[in-house]
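> Quick one: the structure is below, questions incoming.
We did not get these values from a lab; they are worked out from the coordinates using the rules stated. Keep in mind it's a predicted model, so treat the numbers as computed, not measured. Every residue, glycine as well, gets a Cβ built from its backbone with ideal geometry; the counts of neighbours run over all protein chains shown.
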Amino acid sequence: MPRPAPPRRRPAPAALDRGFFDRSVHAVAPELIGATLLVDGVGGVIVEVEAYHHTDPAAHSYIGRTPRNAVMFGPPGFAYVYRSYGIHWCVNAVCEPEGSASAVLIRALAPTAGLDAMRARRGVADERLLCSGPGRLCQALGITRALDGAPLDAPPFTLIARPGTPEIVAGPRIGITKAAEKPWRYGLKGSPFLSRPFRPA
C-alpha cells in the first residue's frame, strides 16, 4: 500500500522588515494587529494600536522637528520611544518615507512570551494588566529611551507578521485632546487585553 502523504506544514510567519513600514501609516496600523512583538524574547501579540500622521495635530511631529521627536523624521521601520506625562515610556513604529514623520503607537499586547519577566517588571500577576496600555506594555517589555531609534527588524526587537487576517475594530483614539475624534485606533475584536474596550458602532 502506498504510504500516506505527510501532513503539510504551514510555513512559519515571516519577520516584518523595514519595508513593511514604508507605506501610509493608515495602511500599516491595522496590519500590525495580530503581529507578534518581542523585545529580547519577551512580548506577545499586538492587539491595539493608534495611527498618527504628520498632518495630525495630535502627532508629536505636527510642531516640527525637535530633539525629542527626531526619530519620527527618519527612515521607516525604527522605534520612536518617548516618555508620556513624564512617567511612562511609549513605543511607536515610524512609518512612511523619510521626512514624513508619521508613526503607529503600540497600545496593547496579548502576552505570550516571557510572562515571568513581565510580572516581575510590572509587579502584577494578572495577565490582562501586563501589557494593556502603552505605558504598561513598555514596562513589561523593558522598553526605555535607550531603544529610541533602534531598528524594529533587529535585536533586541523581533517583529513577526500575523499568521492570518484577524477581525479588526476601529474607533476614536484615547488619551489625547486634539483630533481625538479621528477613528485611527485599531484593535483585535473581543480581545480581553485591550487598554479600553471599543464603543459599539
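> From the list 91, 104, 28, which one is of a type outside the set (Asp, Glu), surrounded by 15 or more Cβ atoms within 10 Å (Cβ to Cβ), within 17 Å of the chain's Cα centre (by Cα) and in a helix (DSSP H, G or I)?
None of the other options fit; the residue is 28.
> For region 156-167, does any single residue satisfy the condition of being in contact with a strand residue (DSSP E or B) (Cβ under 9 Å, 6 or more places away or on another chain), closer than 21 Å to residue 20 by Cβ, β-branched (Val, Ile, Thr) and buried (at least 21 other Cβ atoms within 10 Å of the Cβ)?
no
> To continue, here is another question. Which of the residues spanning region 49-71 are over 24 Å from residue 109 (Cβ atoms) and among the hydrophobic types (A, V, I, L, M, F, W, C)?
Answer for region 49-71, where residues must be over 24 Å from residue 109 (Cβ atoms) and among the hydrophobic types (A, V, I, L, M, F, W, C): 63, 70.
> So residue 178 clears everything in (1) part of a loop (DSSP other than H, G, I, E, B); (2) within 19 Å of residue 79 (Cβ to Cβ) except one condition, right? Which one?
(2)
> Is it true that some residue in region 110-131 is buried (at least 17 other Cβ atoms within 10 Å of the Cβ), without any contact (Cβ under 8 Å) to a residue 24 or more places away in the chain, out of contact with any Lys or Arg (no Cβ under 9 Å at 6 or more places or on another chain) and not in a loop (DSSP other than H, G, I, E, B)?
Checked against the condition, which is being buried (at least 17 other Cβ atoms within 10 Å of the Cβ), without any contact (Cβ under 8 Å) to a residue 24 or more places away in the chain, out of contact with any Lys or Arg (no Cβ under 9 Å at 6 or more places or on another chain) and not in a loop (DSSP other than H, G, I, E, B), region 110-131 yields at least one hit.
> Also: Under 6 Å by Cβ, and 6 or more places apart or on different chains, what pairs join a residue from region 153-181 that is in contact (Cβ under 8 Å) with a residue 60 or more places away in the chain and over 16 Å from residue 93 (Cα atoms) with one that is among the aromatic types (Phe, Trp, Tyr) and buried (at least 17 other Cβ atoms within 10 Å of the Cβ)?
168/186; 170/186; 173/184
> Return the residues of region 39-48 that are in contact with a Lys or Arg (Cβ under 7 Å, 6 or more places away or on another chain) and farther than 17 Å from residue 110 by Cβ; say none if nothing qualifies.
None - no residue of region 39-48 is in contact with a Lys or Arg (Cβ under 7 Å, 6 or more places away or on another chain) and farther than 17 Å from residue 110 by Cβ, so the list stays empty.
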